[in-house]
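Heads up, the thing below is written out as structure tokens.
The values are calculated or read from the model by the stated rules, or taken from the named source; none is laboratory data. For clarity, every value in this text was computed on a predicted model and none was experimentally measured. Positions of Cβ are generated from backbone atoms using ideal geometry, with glycine treated the same way; all protein chains shown enter the neighbour counts. Accessible surface is based on the protein model in full, side chains and every heavy atom, while ligands, DNA and RNA are left aside. Shrake-Rupley method; radii C 1.70, N 1.55, O 1.52, S 1.80 Å.
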Amino acid sequence: MDELELQILIRSSLVALLTAQGHADWEVTAAYQPTPQGRESTPTLYFFELPENLYGWQGRKDVYNRDTGVMLRKESQMYRSGFQVQGLYETPPDATSGPTAATITRVASMLINSQGFRKLLRAQGVYMERVTDIRKIYMRNDREHFEQVPSFDFTCTHERSIIQQSTAASRVESRFMRV
């Protein structure tokens, strides 16, 4: 599974679970896109990829096709891909109810850590490892107001493979000789 497929899977799974929880109006989008997207006025969860690590050793499996005489070698590697999720929503100062940035981040953390999310990912060969604690940092926004930007990280494991073609041995001889 490549990066885009993994990001689409994570986003679509989170959107489905948010909708099931009654939060269909919350946005889920990739952060740091190549073109400026502007800021959403609705509760928004931004996510982006963190460094990726190899897990274990690269596996190899050879398969011979008798009809074509071609040997195919599939090499597979497990990867640990990390993501960070940030919640952004500027709550009006006079608000007495409704979501805050911390609220939407907490809900996202619980959903990503839920069995439902794990089941959706597992169906595509992706496995959850862990969700970290929520960090609450502050930034100065585009209107020079201080705003909370809570975030958390999560790690999932998935496989990537390559297939290479090579010719197979056409003849094997075995001889016993004196040394």
So which residues in region 104-155 are surrounded by fewer than 17 Cβ atoms within 10 Å (Cβ to Cβ) and in contact with a Pro (Cβ under 6 Å, 6 or more places away or on another chain)?
ILE134, LYS136
For region 146-175, pairs from a residue that is without any contact (Cβ under 8 Å) to a residue 24 or more places away in the chain and under 30 Å from THR44 (Cα atoms) to a residue that is open to solvent by 40 Å² or more (accessible area, probe 1.4 Å) and aliphatic (A, V, I, L, M), with Cβ under 7 Å and 6 or more apart or across chains, are none
Only one of GLU5, GLU27, GLU49 is in contact with a Pro (Cβ under 9 Å, 6 or more places away or on another chain) and charged (D, E, K, R); which?
GLU27
Looking at (1) surrounded by 16 or more Cβ atoms within 10 Å (Cβ to Cβ); (2) touching a residue at least 60 places away in the same chain (Cβ under 8 Å), which one does LEU72 not meet, given that it meets all the others?
(1)
Those residues of region 91-103 which are surrounded by fewer than 20 Cβ atoms within 10 Å (Cβ to Cβ) and closer than 20 Å to LEU14 by Cβ amount to PRO99, THR100, ALA102, THR103
Heads up, the strands (runs of 3 or more DSSP E) in region 88-177 (entirely inside) with at least 2 residues that are modelled with pLDDT under 90 are 135-140, 146-167
Provide a single number: the residues in region 26-46 that are open to solvent by 90 Å² or more (accessible area, probe 1.4 Å) and either within 17 Å of the chain's Cα centre (by Cα) or at pLDDT 90 or above (or both).
1
Selected residue (only one of GLU49, GLU5 is open to solvent by 50 Å² or more (accessible area, probe 1.4 Å), under 30 Å from GLN164 (Cα atoms) and touching a helix residue (DSSP H, G or I) at 6+ places or on another chain (Cβ under 9 Å)):
GLU49
